[in-house]
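One structure is given below, encoded as structure tokens.
The numbers here are math on the coordinates, done by the rules we state, and not lab data. As the structure is a prediction and not an experimental result, all values here were calculated from the model. We place every Cβ from the backbone using ideal geometry, glycine too, and count neighbours over all the protein chains shown.
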């Protein structure tokens, strides 16, 4: 069932050279947090109790206005914001599509001598992608490297997802090479995003080459993996292939999601139209 068309020699070599140690299946709760700055994971022991309290509230802020008020309250009380304060504020800016404000916060924290960390840049990069500023996100990835702040797998997953949104699969494969060179672990999510890049670009052959590599390495395939490929097959009128994937999904005991059900219903409608 593997289609090898559409993938060049360099990409095929990249996929062939990967070994199981490059892949890690993270707990779904962990990977869903993406660029979050989790309060309970940070050592706050050296901070004033009042700042700890306000930082926790800031990390749980739901709106940009609420976050701004809490940040101003920290300043009004004469407290010194720390990297957690700024990262939490930047994260809310990103969710609010206020990437300009987030970039100004980065500049401000550096001027105050507060060194950003990988989570700060993750939040910034994600915010820029959500604000349709993909090129700025790529520049931030370069910037963090120049400041000796090592990107993580989460960082690359965020940028890879940006590649999918911008429909630039070539950039995605270049990033995959960077991850390999830097010795980073590649998660199921990493390759699901790569599948999404290829399917969105109409490169089903590339997608199946990646799928084959995932299987050969014994990487756990989930509903997102199959949903992405089934969608790609429906999009390219490969209905038999889509049905085969659904059958394989069931035989491997991969639990179908609501999206799977929607895709199979769409597949049935497509077949009905073609037969009428």
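Placing a pseudo-label 7 Å from each Cα along the Cα-to-Cβ vector at residue 148 and residue 97 gives an inter-label distance of 3.9 nm. Each residue, residue 83 and residue 111, gets one label point 7 Å from its Cα in the Cβ direction; the gap between the two is 2.1 nm. Remark: the residue 220-residue 250 segment gains 9.4 nm on full extension, using 0.36 nm per residue and subtracting the alpha carbon distance.
Taking each residue as 0.36 nm, the span from residue 236 to residue 118 lengthens on full extension beyond its C-alpha to C-alpha distance by 38.6 nm.
Give, in nm to one decimal, the length gained when the segment between residue 264 and residue 65 is fully stretched (0.36 nm per residue of separation minus the Cα-Cα distance). If you can, show how the numbers build up before the last one.
Working: separation 199, 0.36 × 199 = 71.64 nm, distance 4.23 nm.
So the chain would gain 67.4 nm between residue 264 and residue 65.
In terms of other Cβ atoms within 10 Å, 274, 88 run from fewest to most in the order 274, 88.
Among 208, 252, 71, 89, a tally of other beta-carbon atoms within 10 Å of each Cβ gives an order, fewest to most, of 252, 71, 208, 89.
Rounded if a/c is under 1.5, else prolate if a/b beats b/c, else oblate: with a ≥ b ≥ c from the C-alpha gyration tensor eigenvalues square-rooted, which is segment 222-276?
Numbers: a/c = 1.96, a/b = 1.85, b/c = 1.06.
Cα axes put segment 222-276 in the prolate bin.
One Cα centroid belongs to segment 160-194, the other to segment 66-128; the line between them spans 27 Å.
Hey, with R₀ at 41 Å, roughly what FRET efficiency would residue 50 and residue 182 work out to, going by the Cβ-Cβ distance, to 0.05? Numbers along the way, then the final one.
Working: r = 40 Å, r/R0 = 0.96.
Approximately 0.55, to the nearest 0.05.
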